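The structure under discussion appears below in the form of structure tokens.
The values are calculated or read from the model by the stated rules, or taken from the named source; none is laboratory data. Because the structure is predicted, anything quoted here is derived from the model rather than measured. Glycine also receives a Cβ, built like all others from the backbone with ideal geometry; neighbour counts cover every protein chain displayed. Calculation scope for accessible area: heavy atoms of the full protein, side chains included, ligands and nucleic acids excluded. Shrake-Rupley method; radii C 1.70, N 1.55, O 1.52, S 1.80 Å.
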Amino acid sequence: MSRQIQGQAQSVTERAPSPPQVNAYEMFQAQVDLVGGRLGLPDDLVDLLKRPERVLEVSIPVRMDDGRIRVFQGYRVQHSSARGPCKGGIRYHPQVTVDEVKALAGWMTWKCAVVDIPFGGAKGGIICDPMCLSVGELERLTRRYTAMILPLIGPRHDIPAPDVNTGAREMNWLMDTASALRGEPMQAVVTGKDIALGGARGRREATGRGVAIITQEILERLGRKVQGTTVAVQGFGNVGSVAALLLHQAGARVVGVSDVSGAFYCEQGLDIPELVEYAQHSPHRLLAGYSAPGVQEIPKEELLTLDVDVLIPAALEGQITEQNAGRIRARIVVEGANGPTTPEADVILEERGVTVVPDILANAGGVVVSYFEWVQNLQCFYWDEEETNARLARVMRRAFQEVWDYARHREASLRIAALMLGIERVVQAIRLRGIFP
Ligand code: NAD
């Protein structure tokens with residue numbers, strides 16, 4: 001696609017091909033209104049919580065391989081620094097919008113508060129389709145974006161990390177660019193780097209590992225065993241593939257997985273290690289073309305409505321909607337992705353007695369180990385993977401217990417309880433600090 005665009009003009013600003021169906025920021029604001037009401041917060045405070053502290057929009061010129069200049073639109077949003085430096089990933093996707101980035105930044109604030117790590121929330125995004133860019137173009141895009149958001153980021157201010165379509169490679173480029181421009185080594189400016197550059201051992205797997213831990217916690221709490229539990233996972237990237245693999249290793253039967261290229265089902269359980277291996281060696285790490293005895297390719301939308309015990313949406317936001325929530329057959333939904341369930345769908349799931357473990361708890365493993373990486377970078381003292389994983393499990397289990405207890409005491413769903421707990425902690429910090437001047 002981008003190759004055609006490049007041919008049309010000397011300089012083209014890339015736009016999303018079609019607007020996303022769900023406005024994530026409206027979803028975010030509706031949640032704050034609801035929870036603010038339940039907590040009895042005054043309107044002015046709710047208004048403050050709904051807005052990001054800072055929004056930076058950048059137009060990023062990139063020299064493409066054919067010599068032309070193409071201008072990409074990018075954002076960095078800081079939602080709150082009340083509890084500490086802002087923290088949040090960078091997403092490369094054709095449908096990134098400023099509203100999406102604002103919502104994701106806000107959810108990062110609540111997430112850091114729910115797992116009680118000393119960060120506020122931020123998020124970044126670039127409107128682009130990385131599958132249509134060469135490695136050189138991606139590197140120049142990442143480096144120029146870094147240069148343009150550099151006034152906002154830094155180890156004590158705002159620390160980016162990977163998100164959809166970004167990983168260690170992009171974080172390495174970001175760290176190197178920031179270090180070159182500031183003239184000093186800046187390992188702690190970003191997390192999710194390669195281990196050789198100061199990345200935390202276990203960071204790459206941390207979000208999926210956290211999702212798997214939380215899935216086991218909820219199963220246990222509902223009196224079920226992981227062995228034999230059937231699972232479907234939407235999205236087979238960083239989060240989905242690791243969660244699927246760890247649950248498979250723990251004895252669950254992962255019967256369905258999907259990514260943007262297709263969905264696969266096997267009643268006896270998919271061979272997840274083989275699928276991980278397949279994706280690792282296929283173009284753009286996609287599942288397209290996978291086949292094995294007993295495995296059926298199914299329409300992508302059917303993945304969400306498979307007859308399973310646990311559904312793990314781990315792709316993008318707005319996947320479980322008013323349209324399909326009534327057909328979801330899983331009794332437990334563990335949100336690996338950010339914002340995969342719309343508020344309307346949430347109501348339907350609750351009415352149908354489906355237990356939803358919300359994103360800000362279920363997928364917090366990534367930011368927890370990002371916190372560990374940042375701590376190690378600042379101290380120049382590195383832990384082994386065992387230590388990271390043990391500490392991660394401790395933080396996730398403690399947070400799960402706190403949200404579970406909160407939900408019981410307040411007769412709230414796990415989502416409302418997690419939001420109440422997170423927002424309460426942020427409000428406490430705002431009140432203790434006071435409003436400057
Ligand atoms: P990723 O780019 O590694 O993977 C995304 C996956 O979703 C890919 O397999 C992609 O093909 C698939 N996908 C996209 N559209 C799809 C569709 N319509 N149907 C089925 N699959 C589809 O991204 P990731 O890092 O795994 O992030 C996934 C989600 O988890 C995002 O919502 C992200 O914000 C959230 N998250 C990520 C992290 C992290 O540490 N990476 C942390 C917390 C939350």
> How do the peptides 54-61, 314-321, 39-46 rank, highest first, by the average count of neighbouring beta carbon atoms within 10 Å per residue?
Replying inline: 314-321, 54-61, 39-46
> Which whole-Hz couplings ³J(HN,Hα) result when phi for each residue of the range 125-134 is put into the Karplus expression 6.51 cos²θ - 1.76 cosθ + 1.60, θ = phi - 60°, listed in order with x for Gly and Pro?
Replying inline: x, 10, 6, 6, 10, x, 5, 9, 10, 6
> Using modelled backbone amide H atoms (1.01 Å from N, in-plane), which distant-in-sequence or interchain residues come within less than 5 Å of D163's amide H?
Replying inline: I90
> Out of G124, G235, G223, any idea which swings most in a Gaussian network model of the chain, alpha carbons joined below 10 Å?
Replying inline: G223
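When the helices in the chain are scored as -39500 (n - 2.57) per DSSP H run of 4 or longer and the sum is shared across all residues, what 222 nm value do you end up with, to the nearest 500 deg cm²/dmol?
-14000 deg cm²/dmol
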> Starting at 0 and stepping by 10 Å, how many percent of the alpha carbon pairs of the range 83-138 end up in each bin?
Replying inline: 25, 40, 24, 11
> Given a Förster radius of 56 Å and the C-beta distance between R221 and L181 as r, what FRET efficiency does 1/(1 + (r/R0)^6) yield to the nearest 0.05?
Replying inline: 0.70
> Which order do peptides 271-280, 78-87, 352-361 fall in by mean Cβ count within 10 Å, highest first?
Replying inline: 78-87, 352-361, 271-280
>> Give me the one-decimal nm value for the distance between modelled label points at A147 and R394, 7 Å along each residue's Cα-to-Cβ direction.
In response: 4.4
> Using alpha-carbon positions, what is the distance between the centroids of the range 165-183 and the range 43-88, in Å?
Replying inline: 17
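Using 0.36 nm per residue of separation minus the Cα-Cα distance, give me the extension gain between L378 and E26 in nm, one decimal.
Between L378 and E26, full extension yields 123.1 nm more.
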>> A 24 angstrom limit on the alpha carbon distance is what I want to check against. Which of K123/K193; K50/K193; K50/K111; K50/K300 exceed it?
In response: K50/K193; K50/K300
>> Through the Karplus equation 6.51 cos²θ - 1.76 cosθ + 1.60, θ set to phi - 60°, convert the phi angles of the range 216-231 into ³J(HN,Hα) values in whole Hz; use x for Gly and Pro.
In response: 5, 4, 5, 4, 4, 4, 8, x, 10, 10, 5, 4, x, 4, 8, 9
> For the range 328-373 and the range 268-318, what is the separation of their C-alpha centers, rounded to whole Å?
Replying inline: 19
> For the peptides 154-167, 205-218, what is the packing order when you average, over each peptide's residues, the other Cβ atoms within 10 Å and list the highest mean first?
Replying inline: 205-218, 154-167
> Given H placed 1.01 Å from N in the peptide plane, which residues other than close sequence neighbours of G120 have an amide H under 5 Å from its amide H?
Replying inline: R83, G84, C86, K87
>> If each residue of separation counts as 0.36 nm, what is the full-extension length gain between A250 and D66 once their alpha-carbon separation is subtracted?
In response: 61.3 nm
>> 5 Å is the cut-off here: which amide hydrogens, built 1.01 Å from N in the peptide plane, fall below it relative to I60, excluding neighbours closer than 5 in sequence?
In response: F72, Q73, G74
> Between C132 and E57, what is the FRET efficiency for a Förster distance of 25 Å, r being their Cβ-Cβ separation, to the nearest 0.05?
Replying inline: 0.65
>> Using a probe radius of 1.4 Å on heavy atoms only, what accessible surface per residue do you get for the chain? Whole Å² is fine.
In response: 41
> Just how many % of Cα pairs in the chain lie over 31 Å apart, if you round to the nearest whole percent?
Replying inline: 37
> To the nearest 10 square angstrom, what accessible area does K300 show with a 1.4 Å probe?
Replying inline: 90
> Taking R0 as 30 Å, what's the FRET efficiency between D307 and E274 from their Cβ-Cβ distance, rounded to 0.05?
Replying inline: 0.85
>> Residue by residue through the range 141-151, what is 3J(HN,Hα) from phi via Karplus (6.51 cos²θ - 1.76 cosθ + 1.60, θ = phi - 60°)? Round to whole Hz and write x for glycine and proline.
In response: 4, 5, 5, 6, 4, 4, 4, 7, 9, 4, x
> Taking 0.36 nm per intervening residue step and subtracting the Cα-Cα distance, what contour gain separates L432 from R327 on full extension?
Replying inline: 33.2 nm
> What percentage of the solvent-accessible surface of the chain, computed with a 1.4 Å probe over protein heavy atoms, is contributed by carbon and sulfur atoms?
Replying inline: 49
